[in-house]
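Trainee: Have a look at this one before I ask anything.
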Amino acid sequence: MASKTNEKPEPGVVSQSPKRISSLSQSEASQPSPSSRSSTSSWNEEPVTSNMDISTGHMILSYMEDHLKNKDRLDREWEALCAYEAEPCSTSAASLPQNIKKNRYPDVLPYDHSRVVLNDFSNICGSDYINASTITDHDPRNPAYIATQGPLPHTAADFGRFMVWEQGSVVIVMVTRLMENGVAMCHRYWPEEGSEVYHIYEVHLVSEHIWCDDYLVRSFYLKNLKTSETRTVTQFHFLSWPENGVPSSTKALLEFRRKVNKSYRGRSCPIMVHCSDGIGRTGTYCLIDMVLNRMAKGAKEIDIAATLEHIRDQRGGTVKTKAQFEFALMAVAEEVHAILKALSQ
């Protein structure tokens, strides 16, 4: 099939030898099929790069491998994480009567101190609320991520247009399918093909590339009809991560992350990350990415549990299961192993 495109260019994504495909995947079978998509018959792995020195890498890898082998230690660490309580932890804005219906799950609410505040929305419906949290690493003035739930039908405008526009996000990481086992995980917040107008924003689906069975990449072109400003947003959609579970291997997710970071490189805006609830798969992805980014910048010591507590201080409940926490440990160990292999060549 031909690539789905219009006249707008797509930055950072290169199509390779498109081939005819019958469907996106079984997981998306409940969605109407676009008239055409681009599929990459072979996709190149992104090179592993890091500022880590070999001795630090071996030290971290040894620590991670010992950590994973010691199940008692892992159990104790997870128990301690489950008992951890963030402070402050008020969720009064999320609990207001007018905002309750905007939460996909009643027990997953953003903290008041770290919630995303919609600036322009007061002019439309009198509410600045969306179920989303800023996640910072070192600099509280510059969030590294926006962790958010998958939008509901009545919050799609908040998510897809206003939050993306106001927060300046140009990269979206989506780690859920729209439907899983017959249950809606996320409302579609982009046009299936062509363009749609949402309030004062016109959104075009520029292109959609299936890189492999595990993920695809879409490019959106946004135009503010009031100011004529334009923006291109790239969405990386990981398909093979079940709700409350983990991917079947770390390899695909780590490769996916490298492609996300290659597109994001050099930008100062936050990466928007979402699944269905904005804490399980979203939190696991942010944890892996934050730890590996610290290592890439030359950090000598890595404490993944402390890093998770730091993230949970900003969005409660991130990384929902012990299996997800263990997967994060495995992914970090695997990436360090790949970095050491690249350094030794």
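The values are calculated or read from the model by the stated rules, or taken from the named source; none is laboratory data. What you see is a predicted model, and the numbers here were worked out from it, not measured in a lab. Ideal geometry is used to build each Cβ from the backbone, glycine not excepted, and the neighbour counts take in all protein chains shown. Note: accessible area is taken over every heavy atom of the protein model, side chains too, but ligands, DNA and RNA are not part of it. Shrake-Rupley method; radii C 1.70, N 1.55, O 1.52, S 1.80 Å.
Trainee: Provide the gained length on full extension for the span residue 341 to residue 98, in nm with one decimal, where the gain is 0.36 nm per separating residue minus the Cα-Cα distance.
Mentor: Result: 82.1 nm gained on full extension.
Trainee: Additional query: Enter the mean projected area of the convex hull around the alpha-carbon atoms of region 137-209, in nm², rounded to one decimal.
Mentor: Taking a quarter of the hull surface, the average projection is 6.3 nm².
Trainee: How would you order 138-149, 203-214, 81-92 from highest to lowest mean count of nearby Cβ atoms within 10 Å?
Mentor: Ranked by mean Cβ neighbours within 10 Å, highest first: 203-214, 138-149, 81-92.
Trainee: Pull up all non-local amide H partners of residue 215: gap of 5 or more, or a different chain, and H-to-H distance under 5 Å with H placed in the peptide plane.
Mentor: The list, which skips near neighbours in sequence, is 239.
Trainee: Leaving ligands, DNA and RNA out of it, report the carbon-plus-sulfur percent of the accessible area of region 237-345 at a 1.4 Å probe.
Mentor: Within region 237-345, the accessible surface is 50 percent carbon and sulfur.
Trainee: Mind checking which aspartates and glutamates have their C-alpha under 14 Å from residue 102, skipping anything on the same chain fewer than 8 residues away?
Mentor: 128, 158, 277
Trainee: To continue, here is another question. How do 201, 111 rank by accessible surface area computed with a 1.4 Å probe, from largest to smallest?
Mentor: Descending accessible area places them as 111, 201.
Trainee: Here's another thing I want to ask about it. Residue separation times 0.36 nm, minus the C-alpha to C-alpha distance between residue 229 and residue 70: what's the value?
Mentor: Using 0.36 nm per residue and subtracting the Cα-Cα distance, I get 51.8 nm.
Trainee: Hey, what do the phi angles of region 333-345 turn into as Karplus ³J(HN,Hα) couplings, whole Hz, using 6.51/-1.76/1.60 and θ = phi - 60°, x for Gly and Pro?
Mentor: 4, 5, 5, 4, 4, 5, 5, 4, 5, 5, 5, 7, 8
Trainee: Another question, if that's okay. Using the per-residue mean of other Cβ atoms lying within 10 Å as a proxy for protection, in what order, highest first, do the peptides 234-243, 127-136, 63-72 fall?
Mentor: 127-136, 234-243, 63-72
Trainee: Next question, about the same structure. Give me the net charge of residue 144's neighbourhood, meaning all other residues with Cβ under 13 Å from the Cβ of residue 144; Lys, Arg count +1, Asp, Glu -1. Numbers along the way, then the final one.
Mentor: Values: positive: 141, 267, 294, 297, 315; negative: 137, 139, 289.
Taking every other residue near residue 144 into account, the sum is +2.
Trainee: Then there's this: Please list, in order along region 70-83, the HN-Hα scalar couplings obtained from phi with the Karplus expression 6.51 cos²θ - 1.76 cosθ + 1.60 (θ = phi - 60°), rounded to whole Hz, x for Gly and Pro.
Mentor: Calculated HN-Hα couplings, in order: 8, 5, 4, 5, 4, 4, 5, 5, 5, 4, 5, 5, 5, 8 Hz.
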